[in-house]
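Right, one structure below, let's go through it.
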Amino acid sequence: MKLASLLLLVASGLTLEACSTCRPASGSAVKAGAAQFFVNTDGHGVALQGGHDPVAFFTEKKPVQGQKRWQSRFNGATYWFASEANLKAFEADPARFEPAFGGYCGYAASINRVSPIDVEYFQILDGRLVLQHNQKALDRWNEDVPGNLKKADANWPGIAAKNARGERVLVNVDSEGVALEGHDPVAYFTEHRPVPGKPEFESNYNGATYRFASMENRVTFENAPETYVPAYGGFCGYAASVNRVSQVNVHIFQIVDGRLVLQHTPKAYRLFNADLAASVQHADENWPGLVACKGK
């Protein structure tokens, strides 16, 4: 599933590349006057996964594709409708029909994350349209709907504010948004080796999907994700130390000061460790600029 508005760099194919010129990031963070909005839109600013009709979720109890000729703007996003009547209903009370949590995954918001959605997974809760990423997210959400809704509501202002400020994320993921080539980030710390994760144990953090070898590892990650996500967005540590971005070999890694650092090649590993303290310092200093330049 593609999510053009997510503030994430899908980095398949990136090689050693310098940060020389930067362009402002485009996406779903929109500032309007004093208000800021963070809305899940495609590359054309259209919400609800390519223009599904927000009103139809309420009236027809299913996702219905809207049409470009009937459209309306609200809170920085464009909505499409299946009929003129639905367009008029929306424009009479747009706040009633816009999706909760900016049209991002409700379960992800409940654990203070951002994740894309599939419009097939939705509920109307207390008169609000709540969407989920997939069946697993819906199942986890349904384990405690009132509690998860309360958590998502509490988390969302901070999530929206952070992303509306234009904070970028640079994460090394494949074309499906999966980090570490699907390997379990927790296992690097507990088993000291790369261990393939399983699709049935997934979690989203900063727009990337992480897979785990067990439910126990997934829960461990979700309790403290900052502890386990790889340093430098999962890109090569040595490359970051010389102000570059490069892919990695997930089998070439080390734990440095409690952080998972990956490298591109054995040579990169050797160069990084020739003066480890200096390499870490340089990579840490360079990384914010690389994110600002290449993050989306």
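The values are calculated or read from the model by the stated rules, or taken from the named source; none is laboratory data. Because the structure is predicted, anything quoted here is derived from the model rather than measured. Note that each Cβ is placed from the backbone with ideal geometry, even for glycine, and that neighbours are counted across all protein chains shown. The protein model used for the area step is the full one, side chains on, heavy atoms only, and it has no ligands, DNA or RNA in it. Shrake-Rupley method; radii C 1.70, N 1.55, O 1.52, S 1.80 Å.
Quick notes on this structure:
- Of everything listed in (1) part of a helix (DSSP H, G or I); (2) more than 24 Å from the chain's Cα centre (by Cα); (3) free of Cβ contacts under 8 Å to residues at least 40 places away in the same chain; (4) surrounded by fewer than 19 Cβ atoms within 10 Å (Cβ to Cβ), the single unmet condition for residue 269 is (4).
- Annotation for the stretch 172-184: no member residue is without any contact (Cβ under 8 Å) to a residue 40 or more places away in the chain and of a type in the set (Ser, Thr, Tyr).
- Looking across 112, 155, one residue alone is open to solvent by 20 Å² or more (accessible area, probe 1.4 Å), closer than 22 Å to residue 217 by Cα and in contact with a helix residue (DSSP H, G or I) (Cβ under 6 Å, 6 or more places away or on another chain). It is 112.
- Pick from the stretch 133-172, criterion outside any helix (DSSP H, G or I) and at pLDDT 95 or above, ranking: nearest to residue 202 (Cα to Cα): 143
- Residue match in the stretch 277-294 (condition: in contact with a helix residue (DSSP H, G or I) (Cβ under 8 Å, 6 or more places away or on another chain), under 23 Å from residue 174 (Cα atoms) and hydroxyl-bearing (Ser, Thr, Tyr)): no
- Of all the numbered requirements in (1) open to solvent by 30 Å² or more (accessible area, probe 1.4 Å); (2) over 14 Å from residue 108 (Cα atoms); (3) modelled with pLDDT under 90, residue 206 misses one, and that requirement is (2).
- Criterion (acidic (Asp, Glu) and over 20 Å from the mean Cα position of the chain (by Cα)) met by exactly one of 191, 222: 191
- So residue 218, is it buried (at least 18 other Cβ atoms within 10 Å of the Cβ) and not acidic (Asp, Glu): yes
- Answer residue from the stretch 120-135, given it is surrounded by 20 or more Cβ atoms within 10 Å (Cβ to Cβ) and aliphatic (A, V, I, L, M) and is nearest to residue 58 (Cα to Cα) among those: 129
- Residue identified as among the basic types (Lys, Arg), touching a helix residue (DSSP H, G or I) at 6+ places or on another chain (Cβ under 9 Å) and surrounded by fewer than 22 Cβ atoms within 10 Å (Cβ to Cβ) among 62, 88: 62
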